[in-house]
Amino acid sequence: MGTPSSSTGSAGRRTSGGPTSAVAAQSQLASVGFPFNGGSLLATQDYEALAARLSDPQVDIKDKIKIAHELRESIDIFQRDLEPNKLFEILLPCFIDILKSGKPTLTNGSTENRLRHNIFQILHRLPHVEQLRPHTGPLMTLLLSLLRTENEDNAVLCMKIIIDLHRTYSRPLAVPPNPDGTPAPEAPPSVIEASVDEFLEIVAELFGNMGAVVEETFSGTGSASERDSAMSPAAGLEEGAPTGPQQVLAPVVLAPAMKSFKLLQDCPAAIVFIFQTYRSMVNKAIQVFVPLVFEFLQLQAAPQARKHASMEAGKSWVGMCMEIPKSKRAAFQDMVMAQTKTMSFLAYILRVNAQALATYLNVLPEIAVRLMKDCPSDAVAMKRDLLVATRHILQSELRSAFLGQIDTLLDDHVLVGNGVTGYENLRPLAYSMLADLIHHVRAELSLSQLARIVHVYSANVHDPTLGAAIQTMCSKLLLNLIDPISSKGAAEGPAEAGRVLERILIAFVSKMEGMAEVRDEWAKWAKVREPLSVVMKGIKKRSEEKKEREKSRGKGKG
C-alpha cells in the first residue's frame, strides 16, 4: 500500500565520517575552548563542561552554536565512545532547558533559531537505547508543547523525534512473574503511549487550521507585479542600502508550525504509524480525521480555482496558473504536496475502514482528478505518489464513482502532466492505472467513450517508447473492449460500433506487420541458427576433446 513516507529514516542518523572527520571535528571544537582527551569529542570528563558552557548566559550565543553544531556531528562520529548514562543525565536536561527557556523565532537566520535548530538535530540523532527510556516523559512533554509554537523547520524535526520515540518506546517494559508463580500484573501504559491523544489532537488542529491558512496565503490583494517584486533580489533591502556583491538580503521568515504546509506533509505518515502501533484507537480516530481530511482536500488556491472555472467544457487547465504570484508558488507546491500525501492516507483508511469514506464518494473522484491537474509539471515524484494513491483507491469498490472522470483522465496532459520528464517516466504507471479502471467499468461506458479509449490505447500499442509489457497490457485491454462495443452497437448504432471494431483490427494487423518487418531486419544481421542435431554433435565433440586433454595432462605428470 502506497503510504506516505518520511524523508528521514527511522533514526535519522548518519554513518561515521571516518578518522579524518573525527580529527577535523575535534580541532574545531577545541578552538571554542574545550580540551579533549582520547580523541573523542564526548569524553566522560567533558560532559559537565559542555553542559556548563551551553547553560551559561554569559557565553556568547555564537559560541553556543559552534558547540551545538560540533556536538551534533560528534554523536554521529563517536557512537561507540558515547556513555549513554552521562549523555542523558547531564546533556539531555541541558538541551531540554535551553528549548524550554528560549523563545521560538520565525526568522530562519537568527542566532537563536540556529541554536535551537542544532539542538533539535542533536535530539533527532540521539541513540535510542534503553538508558533513554527514563527521560522520554519530559522529552515528549517538551516536544508536544513545541510542536504548537515552533517554526515549520524545527516543527518538522519535532514530528520526526516524536515518531522515533513512539517507534522505540511505545511498549512498556515486561513485568517479571511473581516469585510464587502467579501471573505478573499487566504493565501500565508507557508514558509515550499516554501522549498519543495529545499528539493526535495537535494534528487534528493543524488540519482544521488549513482553511484559514489557504485563504490568508492565496487571497492577498495587490497586482501580480507588486507581489512578484516583493520576491526580487532587492526585496527586503532598505532604501540606500548597498547593492551588488555587498548587498545583504532580508532574512527568510518561516511559517508558524500550526500554519505550515511542510509540517502537514509529514502528518499523514505519522497518523498511519500511530494507527499501526496503537490499533485500539483506530476506529475512534478515523471518525475525527476523515471529515478534517476531506475538508482540507477540497481547499484550493483562489487563483487556481478561478482558472479551472474559466475553462471551456471538455478542456482542462493543467499545472500552476500564472495568476499565482511568484512569492506564493512555493507555498502552492507545498500545499499540493500535502494534499497528495493526504490522498495516500485515504488509501490506508480504505483498507482499515472503507465505510468511513462512503459519505464522500461524490467528491473523492473530483478531488483526485483536480490534484492531477494542480500538480506542477516539474513535480514528477509528487505526480507519481498521486497516481499510486489513486490506483490503490481504484482497486476498491469505490472505482465506480470515477466513471464520470473517464473523459478527463483520457487527456494525456491531465494524466501525466505537461513536462517532458513526466511524459517519459509516468506513462506506464498512468496508463496501467487507467486500464484497471476501464476494465472494471467497461460495461457502463458509452460507445463514444469506448471509441476514444480505443484510439488512445491503439496509439500506445504502436508507441516504440513504451515497453513491451505496457504494449501487451494495452492489447489485452483492447481485446476486452470487443464485447462491450458489440453490445453497445446494437443499441446506439451498429455502423459506429463496426468502425470502432475495425480500428482495433487495423491496430493489431499493423502491429504484426511492424513486428514482421523488424524480424526480417534482424534476420539479415543475425547468425543462422544451426539444427539441433548439429549443435548436440558439437557439444559432444568438445566434451570428448576436453577429456582427451585431461588424460594427456595426467600422463605427463606421471
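The values are calculated or read from the model by the stated rules, or taken from the named source; none is laboratory data. Owing to the predicted nature of the structure, the values given are computational and were not obtained by experimental measurement. Please note: Cβ atoms are built from the backbone with ideal geometry, for glycine as well, and neighbour counts cover all protein chains shown. What goes into the accessible areas is simple: the full protein's heavy atoms, side chains included, and nothing from ligands, DNA or RNA. Shrake-Rupley method; radii C 1.70, N 1.55, O 1.52, S 1.80 Å.
Criterion applied to GLN339, GLN304, GLN300 was being within 28 Å of GLU201 (Cα to Cα) and not in a loop (DSSP other than H, G, I, E, B), and the one residue passing it is GLN339. Set side by side, the residues SER280, SER327 differ, and just one is in a helix (DSSP H, G or I) and under 30 Å from ALA354 (Cβ atoms), which is SER280. The residues of region 104-129 that are open to solvent by 10 Å² or more (accessible area, probe 1.4 Å) and of a type in the set (Lys, Arg), listed by number, are ARG114, ARG125.
Residue pairs whose Cβ atoms lie under 7 Å apart, separated by 6 or more positions or on different chains, with the first residue in region 356-381 and without any contact (Cβ under 8 Å) to a residue 12 or more places away in the chain and the second of a type in the set (Asp, Glu), do not occur. Across region 465-499, the number of residues qualifying as open to solvent by 70 Å² or more (accessible area, probe 1.4 Å), more than 30 Å from GLY422 (Cβ to Cβ) and not in a helix (DSSP H, G or I) comes to 0. In region 316-339, the residues that are aromatic (Phe, Trp, Tyr) reach residues that are outside any helix (DSSP H, G or I) and surrounded by fewer than 18 Cβ atoms within 10 Å (Cβ to Cβ) with C-beta atoms within less than 6 angstrom, at least six apart or across chains, in these pairs: TRP317/MET311.
Listed residues LYS541, LYS524; which is of a type outside the set (A, V, I, L, M, F, W, C), farther than 23 Å from ARG399 by Cβ and at pLDDT below 90? That would be LYS524, the only listed residue that is of a type outside the set (A, V, I, L, M, F, W, C), farther than 23 Å from ARG399 by Cβ and at pLDDT below 90.
Scanning region 147-162 for residues that are open to solvent by less than 10 Å² (accessible area, probe 1.4 Å) and either assigned to a helix (DSSP H, G or I) or within 15 Å of PHE95 (Cβ to Cβ) (or both) yields a count of 8.
Given the criteria crowded, with 18+ Cβ neighbours inside 10 Å and either on the phi > 0 side of the Ramachandran plot or modelled with pLDDT of 90 or more (or both), does LEU132 qualify? When the stated conditions are applied, LEU132 does not pass them. Only a single criterion out of (1) more than 23 Å from VAL456 (Cα to Cα); (2) at pLDDT 90 or above; (3) open to solvent by less than 40 Å² (accessible area, probe 1.4 Å) is not satisfied by LEU350, namely (2).
Taking residues in region 474-495 that are more than 30 Å from ARG427 (Cβ to Cβ) and touching a residue at least 12 places away in the same chain (Cβ under 8 Å), and partners anywhere that are polar (S, T, N, Q) and open to solvent by 70 Å² or more (accessible area, probe 1.4 Å), the pairs with Cβ atoms closer than 9 Å and at least 6 places apart or on different chains are GLU492/SER448.
Considering (1) at pLDDT below 90; (2) touching a helix residue (DSSP H, G or I) at 6+ places or on another chain (Cβ under 7 Å); (3) of a type in the set (Val, Ile, Thr); (4) more than 20 Å from LEU132 (Cα to Cα), the lone condition that THR20 does not fulfil carries the number (2).
Within region 500-528, track down each residue that is closer than 12 Å to ALA451 by Cα and open to solvent by 50 Å² or more (accessible area, probe 1.4 Å). Answer for region 500-528, where residues must be closer than 12 Å to ALA451 by Cα and open to solvent by 50 Å² or more (accessible area, probe 1.4 Å): LEU501, GLU502, ARG503.
Checking each residue in region 398-432 for being among the aliphatic types (A, V, I, L, M) and touching a residue at least 60 places away in the same chain (Cβ under 8 Å) picks out only VAL414. Evaluated against (1) more than 23 Å from LYS262 (Cβ to Cβ); (2) without any contact (Cβ under 8 Å) to a residue 60 or more places away in the chain; (3) not aromatic (Phe, Trp, Tyr), ARG384 falls short on exactly one condition, (1). Within region 387-419, the set of residues being in a loop (DSSP other than H, G, I, E, B) and crowded, with 21+ Cβ neighbours inside 10 Å comprises just one member, GLY417.
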